[in-house]
Amino acid sequence: MARAPSPAAVLLSQHAVVFDTDGVITDSAPAHAAAWKEAFDACLASHEGQRPFDEVEDYRRHVDGKSRKDGATAFLLSRGIDLPEGDPDDLPGTGTVWAVAARKDEVFTQRLRDGPIAVWPGTVRLLRVLHDAHVPIAAASASRHATELLAGAGLLTLFTAVVDGNEARRLELPGKPDPALFTETARRLGTPPGDAAVVEDALAGVEAGRRGGFGLVVGVDRTDSPEGAADLRRHGADLVVADPGDLLITGED
């Protein structure tokens, strides 16, 4: 009986691979979560009976992988808080969704000034293997800081295309779990989604890859837990790994 191909072989057989950035390439998720906590907790303090923002579960379920505005809206509604949407130019604060989102970005930007964001070594190894194998790779992220982070890590030259939050806003792409960000990235690689893979750690991003018809959706569970892996599979992951570099070693988690 013939053995099934390894996850690494399946990934290398794809015509192109699209990587999410935060939590997949860069270890920036904790900094994003901490910035969201500062922004949300200031807002929650003015609503009686609200518990603080949880940097693990609230971030993963409501914010991770989404645009700032969509993430702010989703979390606040999960707590029954229906703020006015406001305007993208609102100053940082607590009175509108955009003001809360602006406060988050203000805090996160300051953290970037305080020091560089680390990258995940396993993902970098995988990126270099794909690059050396002439598999086109791209980065896609709802964050407007994604290109800056990749450049700071010295990885930008590995990518054929990068579609970050600035581009998504310019093109008026809807946020994840809508697949528009990923399908636009695949278009820039010249590859139909069905012939490409998505590597993503956020539930919304995994769902976007599945809804976009990508040929392979790899979920990344940094918690390395049965619950986290199960959530990613329920949202559409074909396989789940604790780190993308595991694809070069042991395969599926």
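Taking the numbered list (1) touching a residue at least 60 places away in the same chain (Cβ under 8 Å); (2) loosely packed, with under 14 Cβ neighbours inside 10 Å in turn, E48 passes all entries but (1). Residues in region 127-164 that are more than 17 Å from the chain's Cα centre (by Cα), among the aliphatic types (A, V, I, L, M) and within 21 Å of G209 (Cα to Cα): L130, V135. If you take the residues in region 172-200 that are assigned to a helix (DSSP H, G or I) and among the polar types (S, T, N, Q), which one is surrounded by the fewest Cβ atoms within 10 Å (Cβ to Cβ)? For region 172-200, the residue satisfying everything is T183.
Does V10 qualify as being modelled with pLDDT of 95 or more, closer than 26 Å to G228 by Cβ, of a type outside the set (S, T, Y) and surrounded by 19 or more Cβ atoms within 10 Å (Cβ to Cβ)? Answer is no for this residue.
If you go through region 174-200 and pick out every residue that is under 14 Å from the mean Cα position of the chain (by Cα), under 17 Å from V162 (Cβ atoms) and acidic (D, E), you end up with 1. In region 208-221, the residue that is surrounded by the fewest Cβ atoms within 10 Å (Cβ to Cβ) out of those that are of a type outside the set (A, V, I, L, M, F, W, C) and under 12 Å from D20 (Cβ atoms) is G219. Filtering region 145-169 to residues that are farther than 18 Å from Q110 by Cα and not in a helix (DSSP H, G or I) leaves G154, L155, F159, T160, A161, V162, V163, D164. Among the residues making up region 6-47, those that are closer than 22 Å to A102 by Cβ, in a loop (DSSP other than H, G, I, E, B) and of a type outside the set (S, T, N, Q) are A45, H47.
The values are calculated or read from the model by the stated rules, or taken from the named source; none is laboratory data. It should be emphasised that the depicted structure is a prediction, and the values quoted were computed from it without experimental measurement. Because the Cβ atoms are built from the backbone with ideal geometry, glycine has one as well, and the counts that use them run over all protein chains shown.
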